[in-house]
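Student: A single structure is presented below for examination.
The values are calculated or read from the model by the stated rules, or taken from the named source; none is laboratory data. Predicted, not measured: the structure shown is a model, and the values here were computed from it. Cβ coordinates were reconstructed from backbone atoms using ideal geometry, including for glycine residues, and neighbour counts include every protein chain displayed.
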């Protein structure tokens with residue numbers, strides 16, 4: 001059996017489906033797909049009457065008969081509309097200035113002969129660029145600061161610059177990645193594609209992005225204090241084995257996730273792995289810089305792609321043939337640095353060196369076949385952390 005309340009709401013929404021409404025008002029209610037047209041229509045018609053009443057109050061102090069009847073009907077329509085929604089359990093708020101204006105007009109509007117605007121009438125403040133209807137049960141109003149925070153350059157590459165700033169509304173530091181002005185059309189496409197890929201990848205060990213600004217070709221992203229290279233270099237003499245192992249596993253969990261989503265990073269490096277630090281010494285590893293990422297479902301990344309990347313597999317002849325085992329090679333270099341803090345491949349006989357050698361084997365067939373397999377070996381490494389071992 002159909003729900004009577006749902007039928008009523010459906011009829012109420014459908015009654016405005018064919019109503020002609022200006023985009024000027026529709027854009028104010030884009031967050032409510034069911035009643036956006038209704039809210040916009042009522043707002044637009046209220047504004048038209050309020051503007052006319054304001055004008056007549058300064059001239060003839062007489063509001064025409066037909067418009068008076070329309071305004072009386074509109075006031076009733078607003079009251080019935082809000083009442084129906086309230087009956088259905090939906091709380092809709094009409095801003096106080098408009099609710100008071102409607103109530104005030106009803107005191108002097110008449111149906112015939114036109115309406116005399118009283119001498120004590122006060123001009124109605126017209127709201128044009130903000131919604132006058134809101135739903136407290138589904139909305140939150142955020143205060144937007146008028147401050148213009150200054151950007152601080154924190155990184156620069158061939159394709160983009162990265163800045164940081166503190167958002168004045170939230171007191172949180174964010175990063176902005178902005179494409180260089182001289183990028184070719186193809187590289188700009190890759191920059192935009194990087195944002196789209198990161199927007200799709202939601203995982204603790206992938207850097208999070210928030211919004212793309214097409215006018216400036218930049219996007220907002222979470223701020224990370226350091227690259228993996230800088231983080232380990234600064235602490236190399238004090239970083240415990242167990243902390244290195246946890247950092248390595250976070251890095252591998254991130255790469256394994258992007259592989260499971262059908263992507264290959266193709267530029268895994270110490271610069272493209274970021275570290276987010278927390279009080280107490282804890283860290284989160286974040287994979288970033290997906291400008292060279294290969295989507296196995298996209299032809300764009302398979303053709304006409306020159307060889308790029310920091311740790312290039314010497315056995316790879318063409319970038320379009322790049323596969324998991326080529327990615328494993330780059331991973332081996334990063335793991336080697338995590339374990340020892342030196343930019344050279346490990347060559348000892350311990351477990352870490354054996355893992356790195358298998359990642360970078362000269363015979364591709366002898367490398368790990370998947371990151372999941374590699375994770376198993378890293379998880380199996382034994383560690384006996386001292387009592388003062390800092391968390392990673």
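Student: Quick test for you: out of 13, 41, 68, pick the one residue that is surrounded by fewer than 17 Cβ atoms within 10 Å (Cβ to Cβ) and either at pLDDT 95 or above or part of a helix (DSSP H, G or I) (or both).
Tutor: Only one candidate passes the filter, namely 13.
Student: Assuming residue 125 fulfils every condition listed in (1) surrounded by 11 or more Cβ atoms within 10 Å (Cβ to Cβ); (2) outside the structural domain of residue 37 (by TED's automatic domain parsing); (3) assigned to a loop (DSSP other than H, G, I, E, B) apart from one, which condition is it?
Tutor: Of everything listed in (1) surrounded by 11 or more Cβ atoms within 10 Å (Cβ to Cβ); (2) outside the structural domain of residue 37 (by TED's automatic domain parsing); (3) assigned to a loop (DSSP other than H, G, I, E, B), residue 125 misses just condition (2).
Student: If you don't mind, there's one more thing I want to ask. For the structure I just gave you, tell me whether residue 170 is at pLDDT below 95, in contact with a strand residue (DSSP E or B) (Cβ under 7 Å, 6 or more places away or on another chain) and over 30 Å from residue 23 (Cα atoms).
Tutor: Details: at pLDDT below 95: yes; in contact with a strand residue (DSSP E or B) (Cβ under 7 Å, 6 or more places away or on another chain): no; over 30 Å from residue 23 (Cα atoms): yes.
No.
Student: Here's something else I'd like to know. What are the residues in the range 218-232 that are over 20 Å from the mean Cα position of the chain (by Cα) and either buried (at least 19 other Cβ atoms within 10 Å of the Cβ) or not in a helix (DSSP H, G or I) (or both), if any?
Tutor: 226, 227, 228, 231, 232
Student: Considering every residue within the range 107-122, establish whether at least one is surrounded by 15 or more Cβ atoms within 10 Å (Cβ to Cβ), closer than 22 Å to residue 22 by Cα and touching a residue at least 12 places away in the same chain (Cβ under 8 Å).
Tutor: no
Student: Those residues that are assigned to a loop (DSSP other than H, G, I, E, B) and in contact with a strand residue (DSSP E or B) (Cβ under 8 Å, 6 or more places away or on another chain), I need them from the range 82-94; list them, please.
Tutor: 92
Let's see how each residue does on (1) buried (at least 17 other Cβ atoms within 10 Å of the Cβ); (2) more than 24 Å from residue 342 (Cβ to Cβ); (3) assigned by TED's automatic domain parsing to the domain that holds residue 375:
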site: 158; (1), (2), (3): no, yes, no
site: 168; (1), (2), (3): no, yes, no
site: 182; (1), (2), (3): no, yes, no
site: 190; (1), (2), (3): yes, yes, no
site: 202; (1), (2), (3): no, yes, no
site: 216; (1), (2), (3): no, yes, no
site: 234; (1), (2), (3): no, no, yes
site: 241; (1), (2), (3): no, no, yes
site: 244; (1), (2), (3): yes, no, yes
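Student: Does residue 275 meet the test of being touching a residue at least 12 places away in the same chain (Cβ under 8 Å), within 19 Å of residue 336 (Cα to Cα), over 19 Å from the mean Cα position of the chain (by Cα) and not in a strand (DSSP E or B)?
Tutor: no
Student: Sticking with this one: Among the candidates 312, 308, 302, 325, single out the residue that is more than 21 Å from the chain's Cα centre (by Cα), modelled with pLDDT of 90 or more and farther than 28 Å from residue 243 by Cβ.
Tutor: Working: 312 fails: modelled with pLDDT of 90 or more; 308 fails: modelled with pLDDT of 90 or more; 302 fails: modelled with pLDDT of 90 or more.
Result of the check over 312, 308, 302, 325: 325.
Student: Does residue 258 meet the test of being assigned by TED's automatic domain parsing to the domain that holds residue 335, at pLDDT 95 or above and either within 19 Å of the chain's Cα centre (by Cα) or surrounded by fewer than 16 Cβ atoms within 10 Å (Cβ to Cβ) (or both)? Steps first, please.
Tutor: Details: assigned by TED's automatic domain parsing to the domain that holds residue 335: yes; at pLDDT 95 or above: yes; either within 19 Å of the chain's Cα centre (by Cα) or surrounded by fewer than 16 Cβ atoms within 10 Å (Cβ to Cβ) (or both): yes.
Spelling it out, residue 258 is indeed assigned by TED's automatic domain parsing to the domain that holds residue 335, at pLDDT 95 or above and either within 19 Å of the chain's Cα centre (by Cα) or surrounded by fewer than 16 Cβ atoms within 10 Å (Cβ to Cβ) (or both).
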